[in-house]
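Novice: Quick one: structure below, then a few questions.
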Amino acid sequence: MLALAMHSAAAPMPYCSEAVPCRNVSANGLTFQCRFAGPPTGAPVLLIHGFPNWSYWWLPLLERWSSGDDGLRGVACDMRGYSPLASPPDIESYKYATLAADVWALADALRFDKFHLAGHDHGAGLGWTTVSSSNPGGGDLSRILSWSGFSVPHPDAFSAALAGDEADEAQQVASTYFNQFSLADSATRNSEALSKLMGYGSFEPPTAASFQRALWWYWGMLGIGFGRPPVVSKLEALKYPKEAPFIFGIQGAIPLPVAPAVPAT
């Protein structure tokens, strides 16, 4: 959930083209910036990006579909907290149930009666929530033709890896940064230390307020159906040299006391 890419929250969408045009879509009382590819009569596919990748993370796939050879109509939007006109300033607006409602509202606005759904990273976490039997987004689950999640497994499997008797230490260490990222004031705490470390999430202009709205997805994720990883010690992190430098940077920006994992509810 860490790949960064430059994007302006104020300027027009970058990387729009004749093959993959961009336009705004009104849904759930907000306005989302979206990219389109493939024939309008193609099988509809809604793509959800991760943190903080923006919709252009899907461009290689959309460019492939633009030829029409695959018979797919793909749409990828800059989601809540990323699209300038879909970035409410209050944390309560980033609950996963609300984000799931955005998915259904976008499908309605796009006139996708039945559609394929795919999500990467945080988009995968949101997708699992959207298609879950508890259905917090309130949509008609029979409309989902297929669901594909990339990078984030089923919440039950993820929770088992983070907490409980089957917990996987390597996954706990790799995910421990969730604790800092999910704080309500993570972008501004300690003189914006995390924002500075993370390059303000590559938002342009670089502001903690913009970055915070992307970080609030972590708050929303841990508030519904997902387990919370432990806050690991530096000694434990040292067992994993690949992750240790990043973990030490996050812990330096926002120090937290060592704490146990919390399983999903």
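Novice: Looking at (1) farther than 27 Å from Pro84 by Cβ; (2) in a helix (DSSP H, G or I), which is the only condition Pro257 fails?
Specialist: The failed condition is (2).
This table checks each residue for (1) within 22 Å of Leu126 (Cβ to Cβ); (2) open to solvent by 40 Å² or more (accessible area, probe 1.4 Å); (3) in contact (Cβ under 8 Å) with a residue 60 or more places away in the chain.
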residue: Asn190; (1), (2), (3): no, yes, yes
residue: Ser202; (1), (2), (3): yes, no, yes
residue: Val231; (1), (2), (3): no, no, no
residue: Glu243; (1), (2), (3): no, yes, yes
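Novice: Kindly provide the set of residues from segment 25-39 that are on the phi < 0 side of the Ramachandran plot and either touching a strand residue (DSSP E or B) at 6+ places or on another chain (Cβ under 6 Å) or part of a strand (DSSP E or B) (or both), ordered by number.
Specialist: Val25, Ser26, Ala27, Leu30, Thr31, Phe32, Gln33, Cys34, Arg35, Phe36, Ala37
Novice: Please verify whether segment 179-187 includes one or more residues that are in contact (Cβ under 8 Å) with a residue 24 or more places away in the chain, assigned to a helix (DSSP H, G or I) and closer than 25 Å to Gly137 by Cβ.
Specialist: First pass over segment 179-187, keeping only residues in contact (Cβ under 8 Å) with a residue 24 or more places away in the chain: 179-187.
From what is left, the residues that are assigned to a helix (DSSP H, G or I) are 179-181.
From what is left, the residues that are closer than 25 Å to Gly137 by Cβ are 181.
So far as segment 179-187 goes, yes, one or more of its residues are in contact (Cβ under 8 Å) with a residue 24 or more places away in the chain, assigned to a helix (DSSP H, G or I) and closer than 25 Å to Gly137 by Cβ.
Novice: Step by step: first the residues of segment 88-98, then only those that are of a type outside the set (A, V, I, L, M) and under 12 Å from Trp217 (Cβ atoms), then the one that is most open to solvent (accessible area, probe 1.4 Å). Which residue is that? Outline the logic, then answer.
Specialist: Let us first name the residues in segment 88-98 that are of a type outside the set (A, V, I, L, M), namely 88-90, 92-96, 98.
Filter again for under 12 Å from Trp217 (Cβ atoms), leaving 93-96, 98.
Details: Ser93: 21, Tyr94: 0, Lys95: 92, Tyr96: 1, Thr98: 43 Å².
Filtering first and then ranking leaves Lys95.
Novice: Next question. Quick one: which strands (runs of 3 or more DSSP E) lie wholly within segment 52-154 and hold at least 2 residues that are within 20 Å of Arg23 (Cβ to Cβ) and touching a strand residue (DSSP E or B) at 6+ places or on another chain (Cβ under 9 Å)? Full working, then the answer.
Specialist: Details: elements: 72-77, 115-120, 144-150.
Ranges flagged: 72-77.
Novice: Next up: What is the one condition in (1) closer than 29 Å to Pro89 by Cα; (2) surrounded by fewer than 22 Cβ atoms within 10 Å (Cβ to Cβ); (3) not β-branched (Val, Ile, Thr) that Trp216 does not satisfy?
Specialist: Among (1) closer than 29 Å to Pro89 by Cα; (2) surrounded by fewer than 22 Cβ atoms within 10 Å (Cβ to Cβ); (3) not β-branched (Val, Ile, Thr), Trp216 violates only (2).
Novice: May I ask you to list pairs of residues, at least six apart or on different chains, whose Cβ atoms are under 9 Å apart, with the first in segment 69-98 being under 23 Å from Glu204 (Cβ atoms) and at pLDDT 95 or above and the second being among the charged types (D, E, K, R) and open to solvent by less than 10 Å² (accessible area, probe 1.4 Å)?
Specialist: Once the first residue is under 23 Å from Glu204 (Cβ atoms) and at pLDDT 95 or above and sits in segment 69-98, its partners that are among the charged types (D, E, K, R) and open to solvent by less than 10 Å² (accessible area, probe 1.4 Å) give Ala76/Arg35; Cys77/Arg35; Cys77/Asp102; Asp78/Arg35; Met79/Asp102; Arg80/Asp102; Ala86/Asp78; Ala86/Asp102.
Novice: Inspect segment 123-133 for any residue being modelled with pLDDT of 95 or more, more than 17 Å from the chain's Cα centre (by Cα) and not basic (Lys, Arg) and give the result as yes or no.
Specialist: no
Novice: Oh, and also: Would you mind finding the one in Ala209, Ala167, Ala184 that is open to solvent by less than 50 Å² (accessible area, probe 1.4 Å) and among the small types (Gly, Ala, Ser)?
Specialist: Working: Ala209 fails: open to solvent by less than 50 Å² (accessible area, probe 1.4 Å); Ala184 fails: open to solvent by less than 50 Å² (accessible area, probe 1.4 Å).
Going through Ala209, Ala167, Ala184 in turn, the sole match is Ala167.
The values are calculated or read from the model by the stated rules, or taken from the named source; none is laboratory data. All figures in this text were calculated on a predicted structure; none of them were measured in a lab. A quick note on method: Cβ atoms are made from the backbone with ideal geometry, for glycine too, and the neighbour counts reach across all protein chains shown. Just so you know, the surface numbers come from the protein's heavy atoms only, side chains and all, with ligands and any DNA or RNA stripped out. Shrake-Rupley method; radii C 1.70, N 1.55, O 1.52, S 1.80 Å.
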